[in-house]
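S.K.: Below: one structure in structure tokens.
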């Protein structure tokens, strides 16, 4: 297969943090290692979207940050647009990467400088990227504002963040991410801070714009229903590893990993006549420091057998659109 | 006689710009052992209702009118001392952000001891026994009673708070967003736990949340709030299958549903009215695609649609047509343009 069809290619990406109990020394030799992300691999085709799902602390945000080069991976390779970004320090490459890859934050109330007007906030990326003359920049700002449905744009230019509602602010955050015309966007829980009645409008807007701009997107969310609505592909993460991935439709309809099955069964059903079953898995997510050998899900798995405690399961292909890391299923 | 009867309750806030009419005349009743879900978007006053009932209000809040008849007595007239007497014993609260509600500098058992000895008049020995019992009841290891809150995970803290709320066998528990900050699997476990305990001890429950599917799974009755008013109430099936108010219909459209993925999400455009000067007439009118002239002039009252199902809308006689139309996306997008 031609490689260049994939914008993002990640192989065996790891991020380990050293935890030291000594407050004054950054990394003592005795420090424990926290494996936040421990070998994830996936590819995203151009224009497609991937949802990273999982409970809090499973490493989905860390993965997102590595995709944006906000963290240096400990191990593994990361190709962006067929360029090896893993260990690039070339300033030119990084600068053009920063323009092409953008992040949308979770909390719009904290992501915007309260002392900047909306116009200034949106101007900032253009100033940093030296994008055109003053007039051109202003036109771009107005254009992007109307694109995210903040119309008429000139009403918003002079406003301060506290004068806008949460939904409007999240549109500004989206506009700021899009103003450099990126080809890759990471959205970290884009609507979890918003009110239910306006979530849908932000989601629909993001869907429309990523189609128009042919954006490749990664959605980080714990909400499976949201990922089902937004993404082509899904990767279920647990304790720093991907346990199941594939086409969203396929994975949600036919989940094979016991963890995925539990996640899906746990989503409350909005039909009062169909009662949710109690989720079978017990215990809590173990601490990601010094994990035992074998499958990471062993202590909560309802179907674990001997092999699960000894050998780590490898990612295997079930069918064209579905991969799974489990010994049993 | 119902356990809780709320009549025309009004809770206002004093602020610099004037008086905020956060809860502006709501009424509902709750039988012993029944569970009620109070649903609405943030700022609609659902937490204020809870805090008004149990009278743990902010300094600038006051009850402007109405009655809260609990077990035959009107709580509104109670002095601080008298209401303190029934808190925990007869009615308890699982607060919002329950995870941050345990005192971080004391072991968890101290919280239990305090309530059981001060409110339950137990000695320390039997208090400890009861605390162990409660921990087992909510599925926690009694050995961990002496741990500090930071040693617990989010779900465990939530369980501990639920155990606290049950400590003195109250008749009514008010749970304010009990699962909002939790992961789905923990959320499922906590909800199952709440439901199981509620049925076992026949406690009445008021569950406050913005998530329709959570109340669909746990509550018998649902009341939908908008801008300080009840717009619709009825059984879970009434509200979720045969909603009779445009706001409820809109809210249902805005939810992504795992089981019905082909449904496209439709937002309710606009935002709730300013409650310092609430608009005359129906408070949802400015966002409602079905408004008529009457909506902006007169205030709709709750009318019976079917037995036990009430809705506050002027166009109830056309509700079939409205329901049909509300499913279409263009109805909602053209409402305000």
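S.K.: What Kirkwood hydrodynamic radius do you get for segment A:239-329 when you take the inverse of the mean 1/r over all pairs of distinct Cα atoms, in Å?
M.R.: On the way: mean 1/r = 0.0698 Å⁻¹.
Its Kirkwood hydrodynamic radius stands at 14.3 Å.
S.K.: Let me ask something else about it. Which of B:16, B:314, B:78 moves the most in a Gaussian network model of chain B with Cα springs under 10 Å?
M.R.: In this elastic network of chain B, the residue with the biggest mean-square fluctuation among B:16, B:314, B:78 is B:16.
S.K.: Still on this structure, I have one more. With just the Cα atoms of segment B:135-201, tell me how far they stretch along each of the three principal axes, in Å, largest first.
M.R.: 30, 26, 17
S.K.: Right, something else. How large is the Kirkwood hydrodynamic radius of segment A:3-324, in angstrom, based on all distinct alpha carbon pairs? Walk me through the numbers before you get to the answer.
M.R.: Numbers: mean 1/r = 0.0469 Å⁻¹.
One decimal place: 21.3 Å for the Kirkwood radius.
S.K.: Further question on the same structure: Can you give me the convex hull volume of the Cα atoms of chain B, divided per residue and expressed in Å³? Don't skip to the answer; put the middle values down first.
M.R.: Values: hull volume 49.2 nm³, N = 337.
Cα-based convex hull of chain B, divided per residue, equals 146 Å³.
S.K.: In segment B:90-243, how does Rg compare with the Kirkwood Rh, expressed as the Rg/Rh ratio over alpha carbon atoms?
M.R.: Details: Rg = 16.3 Å, Rh = 16.3 Å.
Answer for segment B:90-243: 1.00.
S.K.: May I pose another question? Tell me the relative contact order for chain A as a rounded percent, counting alpha carbon contacts under 8 Å between residues six or more apart. Kindly include the intermediate steps, with their values, before the conclusion.
M.R.: On the way: 588 pairs, mean separation 65.8, N = 329.
Reported as a whole number, the value is 20 percent.
S.K.: With the cut-off at 19 Å, report for segment B:223-281 the share of all Cα pairs above it, as a whole percent.
M.R.: Values: 683 of 1711 pairs.
Distances greater than 19 Å cover 40 percent of the Cα pairs.
S.K.: To continue, here is another question. Would you compute, from DSSP H runs of 4+ residues alone, the mean residue ellipticity of chain B at 222 nm, taking -39500 (n - 2.57) per run and dividing by the full residue count, rounded to the nearest 500?
M.R.: Details: 11 runs with 102 residues, N = 337.
Helix contribution divided over all residues of chain B: -8500 deg cm²/dmol.
S.K.: If you don't mind, there's one more thing I want to ask. Averaged across the residues of B:184-196, what count of C-beta atoms belonging to other chains lies within 10 Å of each residue's C-beta? Display every interim value, and only then the final one.
M.R.: Numbers: counts 15, 13, 6, 5, 11, 6, 0, 4, 5, 1, 0, 3, 1.
Mean number of neighbouring Cβ atoms from other chains: 5.
S.K.: List the pair-distance distribution P(r) of segment A:51-199, using every Cα-Cα distance, as the percent of pairs falling in each 5 Å bin from 0 up to the bin containing the longest distance, rounded to whole percents.
M.R.: Each 5 Å bin holds this share of Cα pairs: 2, 9, 17, 19, 19, 14, 11, 6, 2, 0.
S.K.: Still on this structure: How high is the FRET efficiency between residue A:110 and residue A:247 when r is their beta carbon distance and R₀ equals 41 Å, given to the nearest 0.05? Don't jump to the answer; show the numbers that get you there.
M.R.: Working: r = 34 Å, r/R0 = 0.84.
In this case the efficiency is close to 0.75.
S.K.: Using helices alone, I'd like the mean residue ellipticity at 222 nm for chain A: each DSSP H run of four-plus residues gives -39500 (n - 2.57), total over residue count, nearest 500.
M.R.: Values: 11 runs with 103 residues, N = 329.
Using -39500 (n - 2.57) per qualifying helix, the result is -9000 deg cm²/dmol.
S.K.: Residue by residue through A:271-280, how many Cβ atoms from other chains fall within 10 Å of the Cβ on average?
M.R.: Details: counts 10, 17, 5, 3, 4, 8, 2, 7, 7, 0.
Going residue by residue through A:271-280 and averaging, the value is 6.
S.K.: If you split all Cα-Cα distances of segment B:242-333 into 10 Å bins from zero, what percentages do you get per bin, shortest first?
M.R.: Final binned percentages: 16, 46, 32, 7, 0.
S.K.: Right, here's the next one. Would you mind checking the radius of gyration and Dmax of segment B:1-52 based on alpha-carbon positions, in Å?
M.R.: According to the Cα coordinates of segment B:1-52, Rg and Dmax are 12.7, 42 Å.
S.K.: Please work out the Cα convex hull volume for segment B:74-133 and give it in Å³ per residue. List each step's numbers first, then the result.
M.R.: Details: hull volume 6.6 nm³, N = 60.
Measuring per residue, one finds 110 Å³ for the Cα hull of segment B:74-133.
S.K.: To the nearest whole number, what is the average tally of beta carbon atoms from other chains within 10 Å of the beta carbons of peptide B:246-259? It would help to have the intermediate numbers written out before the result.
M.R.: Values: counts 0, 1, 0, 0, 3, 2, 1, 2, 8, 6, 14, 7, 13, 9.
Mean partner shielding for this stretch: 5.
S.K.: Further question: Taking the alpha-carbon centroid of each part, what is the distance from segment A:168-227 to segment B:11-85 in angstrom?
M.R.: That distance is 37 Å.
S.K.: Mind grabbing the base-10 log of I(q)/I(0) for the protein assembly as shown at q = 0.12 Å⁻¹? Debye formula, identical points on the C-alpha positions, no solvent, two decimal places.
M.R.: Relative scattering, expressed as log10 I(q)/I(0), comes to -1.44.
Readers should treat all values here as calculations from the given coordinates under stated rules, not as data from a laboratory. The structure displayed is predicted, hence computed values, not measured ones. Heads up, the Cβs are rebuilt from the backbone with ideal geometry, glycines too, and the neighbour counts pull from every protein chain shown.
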